[in-house]
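First up is the structure itself, then whatever we jot down about it.
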Amino acid sequence: MYILNNIKSKNIYGNRNSRTVTSQANNQQNSISSVTQNYTDILSNYDNSVLENISSSFTNNKISQYDIVIVLTVWKRNNLEKQLNLVKNQNILKNKTANIIIFQNSNHISVQNIIDKWKNSNTFSDKMNINFIQSPFDTGYFGRFIIPLTSSVSDNSYFFICDDDVIWGSRYFENMIRVVDEGALATRAGRIVNKDFIEIPQAYNAWEKDIQVCFNEDIEYDFGIHIWAGRISWLRKAWNHIPISLENCEDFWISAALKSFYNIPTKTPKCPCPNGDPIIPDMCAASDKSANIHEHPIIGKVTYSHNIRNEIRRETSKAFNYKLLMSNKPNYVKDIHKKFVYGNINKPLFNISDPLWKDVLFWQ
């Protein structure tokens, strides 16, 4: 059995409130050549309680503290049921208590029928709960990084934040937790940036149709994308360092904060290569075909573009004194491309007979 609640948003900022945090963030944007955004009205909805009291807000909850919090995001794509099934099939969750939070930004699509279906089924065990949070505002990219902290967790609990256009194998969360236990923020994929803070590709030709990619060791990046996994304590620490801008670059912000202030790097878990015949990619993840359709983020009622990303990365790096891998580990960066093995339809790496893998857009 599991419980599905509609719960109010909570404050993540400890003894500070969101007005203090967002005011500070806005003041830090002086060097960013964009309109100053007022995020306060959006995040002020998270001011209902201080962080220490969050656990008391979960009524009818038989689990006092979760081992894992998993956030599934809903915006304008409707992959929710597919991702709920992917979570259900995770091997690691058989022995863990988990809170699965469906976080919907605004109301662009209806997922009520899916929620009702899962609410009335007995799909999950007694160790799992499902909660549904619908924000009345579009919170852009940063809202989802607040949501794990609304759950009843310890510092050592794990969080997962999943984009809505990603698919993964049955042992993928296990693979990510391994990386976290070794001291790194685990992400589905990663990016290196050059001295001009422009993203540069590492897996050559990986974005071509039908190209499969595997790699036998974890890979460190400047920042990660698509899925984030770490300790709850790391997420709390990251929020001690206010983003230089709240309109974009949440991915670079969390990686730069954790690496600069706590020496926690960002790594992508290995996606093992076959020794012979194609293997089932149960320890791997990929972009769903729906990722091919992308829209710019909305914060409140304002739409923002990606055009300012390089500048935000530059200012974040300066504010956090973040050292790019290209500067700190130039030889490592130069050789990253050697870690990848490529396959295609004629010489496949993976057995993708499961219909799930028919929906892959890119493996990197």
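Please treat every number below as a calculation from the coordinates, not as lab data. Keep in mind the model is a prediction, meaning the values are calculated, not measured. Heads up, the Cβs are rebuilt from the backbone with ideal geometry, glycines too, and the neighbour counts pull from every protein chain shown.
Which entries of 88/117; 96/119; 94/237; 82/127; 209/338 have Cα-Cα distances beyond 18 Å here? Going by Cα-Cα distance, 96/119; 94/237; 82/127; 209/338 fall outside the 18 Å limit.
Give, as a single signed number, the net charge of other residues whose beta carbon lies under 10 Å from the beta carbon of residue 162, with Lys and Arg counted +1 and Asp and Glu -1.
On the way: positive: 144, 188; negative: 163, 164, 165.
Residues near residue 162 contribute -1 overall.
Pairs of Cα atoms in the range 83-212 fall into 5 Å distance bins, from 0 up to the last occupied one, in shares of 2, 7, 15, 18, 20, 15, 12, 7, 2, 1, 0 percent.
Protection proxy ranking of 71-78, 322-329, 183-190, by the mean of other Cβ atoms within 10 Å over each peptide's residues and highest first, is 183-190, 71-78, 322-329.
At 0.36 nm per residue, and after removing the present C-alpha to C-alpha distance, how many nm does the segment from residue 85 to residue 273 gain when stretched out fully?
Contour length minus the Cα-Cα distance gives 65.2 nm.
Extending 7 Å from the Cα toward the beta-carbon at both residue 292 and residue 194 defines two label points whose distance is 2.9 nm.
Using mean Cβ contacts within 10 Å as the protection proxy, how do 160-172, 265-277, 343-355 order, highest first? Could you put the intermediate results ahead of the total?
On the way: 160-172: 23.1, 265-277: 18.2, 343-355: 13.5.
Taking the mean over residues of other Cβ atoms within 10 Å, the ranking is 160-172, 265-277, 343-355.
A convex hull fitted around the alpha carbon atoms of the range 245-357 yields 172 Å³ per residue. Put simply, the amide H of residue 128, placed in the peptide plane, has neighbours under 5 Å in 98, leaving out anything fewer than 5 places away on its chain.
Assuming 0.36 nm per residue, please report the length gained on full extension of the stretch residue 64 to residue 351 beyond their Cα-Cα distance. Spell out each step's value before the answer.
On the way: separation 287, 0.36 × 287 = 103.32 nm, distance 4.05 nm.
Extra length from residue 64 to residue 351 when fully extended: 99.3 nm.
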